[in-house]
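Note sheet for the following structure.
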């Protein structure tokens with residue numbers, strides 16, 4: 001690592017080697033050469049064998065990865081054109097084939113097709129991470145399907161739910177993200193061989209007006225570089241609307257992760273659920289006792305960055321005048337890799353967190369017991385009526401004691417003593433012990449939460465994961481830092 005210049009943290013700290021390699025300079029320029037080879041092969045196969053000869057093709061294949069980066073960089077500095085600089089560098093390695101490299105093509109033949117191919121592969125990595133996160137959350141939900149815990153609305157105590165049920169909500173959001181990823185995969189097609197402004201005019205000249213061969217060239221080149229479909233029409237570039245939709249899809253994953261991470265940070269504060277904490281991890285340089293939720297905080301920060309990117313892509317798309325303007329170039333060089341690298345970093349963090357989350361049932365029970373007497377007042381009222389008491393009279397008794405118990409909790413910092421107050425009131429036809437038995441542990445106040453977990457996992461999650469059994473369980477959940 002060169003410590004004299006800025007290093008991108010997404011590469012140096014947060015992301016996987018696979019995603020880094022996909023967006024590397026080496027992969028980009030080698031893919032350019034594979035595009036040039038595919039074009040030449042297709043031209044040869046479709047009748048231009050006298051212009052694009054077999055020895056030329058053999059020479060191009062032999063030097064696909066033999067790139068002289070210094071020569072290309074020097075040439076680019078001279079001519080201010082990266083594609084032509086690499087045409088030049090490839091031509092030096094392939095003197096026989098040099099006259100036909102890039103024949104009939106525009107720069108975006110290699111630029112767009114390479115971008116699309118890299119994004120297609122990168123989306124595959126994203127899907128793999130997403131599927132494994134869903135699987136981790138599903139296991140966690142099943143394990144804690146019936147563990148009653150306080151539900152919260154407005155971050156105020158509400159009716160109980162279960163830890164498992166709460167996690168089905170996260171899973172459902174990620175399944176929606178998976179829907180969008182699957183749809184996006186269908187939208188990523190090859191740009192193909194469309195010529196300078198998308199009209200294929202140069203290829204019509206090469207093939208002497210044979211439209212069918214030009215159409216076949218478009219399809220054949222696309223197949224050779226790894227696509228089954230090709231954009232029917234383009235300008236000079238494939239539509240930047242696709243970039244916009246890609247950014248929105250990835251940002252959606254970021255938003256789902258952000259929601260989960262913030263919730264986990266709040267739960268960590270309550271000491272009811274935490275992310276993993278390494279044996280030698282330091283929570284604070286000053287406060288040695290602290291167990292800061294640093295993974296969730298990092299995930300929140302990375303997601304915040306990712307969620308902000310779609311605005312850039314929307315502006316870029318909206319400002320593509322007619323067939324193309326070049327103001328998309330510089331920003332796409334940064335934003336497209338960043339969008340995928342950020343998503344990769346977030347999913348790696350998520351896998352790490354969900355591989356070892358810790359739950360504290362006794363602390364959960366403590367919080368639940370603090371609020372449960374209030375939540376059980378309607379049940380207590382009904383039980384009093386069954387004993388022959390007036391509902392209206394009992395409602396007033398319960399209200400008075402509830403206000404007093406709430407005051408004790410808030411102003412004196414003591415435990416909720418509502419059941420004791422009610423049990424000691426002669427107007428209430430139950431002892432303290434009977435009221436405690438009536439209220440129970442809170443699980444019955446969670447309704448069908450455990451059953452909802454069972455049904456959701458069995459009917460929705462497992463069938464979906466079964467479609468991706470080949471992607472499950474083959475990811476490293478460890479972190480670099």
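Observations
- Number of positions in region 370-391 that are in contact (Cβ under 8 Å) with a residue 12 or more places away in the chain and either loosely packed, with under 14 Cβ neighbours inside 10 Å or within 30 Å of residue 131 (Cβ to Cβ) (or both): 2
- Restricting region 59-77 to residues that are touching a residue at least 40 places away in the same chain (Cβ under 8 Å) and surrounded by 15 or more Cβ atoms within 10 Å (Cβ to Cβ), the residue that is nearest to the chain's Cα centre (by Cα): 67
- Just one of the numbered conditions (1) in contact with a helix residue (DSSP H, G or I) (Cβ under 7 Å, 6 or more places away or on another chain); (2) under 19 Å from residue 105 (Cβ atoms) is not true of residue 53: (1).
- Test result for residue 96, touching a helix residue (DSSP H, G or I) at 6+ places or on another chain (Cβ under 6 Å), surrounded by fewer than 19 Cβ atoms within 10 Å (Cβ to Cβ), in contact (Cβ under 8 Å) with a residue 40 or more places away in the chain and assigned by TED's automatic domain parsing to the domain that holds residue 25: yes
- Within region 353-369, if we keep just the residues that are touching a helix residue (DSSP H, G or I) at 6+ places or on another chain (Cβ under 7 Å) and part of a helix (DSSP H, G or I), the residue that is surrounded by the fewest Cβ atoms within 10 Å (Cβ to Cβ) turns out to be 367.
- Options 19, 56; residue that is crowded, with 16+ Cβ neighbours inside 10 Å, part of a helix (DSSP H, G or I) and under 28 Å from the mean Cα position of the chain (by Cα): 19
- The requirement of being part of a helix (DSSP H, G or I), outside the structural domain of residue 346 (by TED's automatic domain parsing) and either within 29 Å of residue 147 (Cβ to Cβ) or modelled with pLDDT under 90 (or both) is satisfied by residue 434.
- Screening region 153-165 for residues that are out of contact with any strand residue (DSSP E or B) (no Cβ under 6 Å at 6 or more places or on another chain) and without any contact (Cβ under 8 Å) to a residue 60 or more places away in the chain and picking the one that is nearest to residue 136 (Cα to Cα) gives 153.
The values are calculated or read from the model by the stated rules, or taken from the named source; none is laboratory data. Keep in mind the model is a prediction, meaning the values are calculated, not measured. Virtual Cβ from ideal backbone geometry, glycine too; neighbours counted across all protein chains shown.
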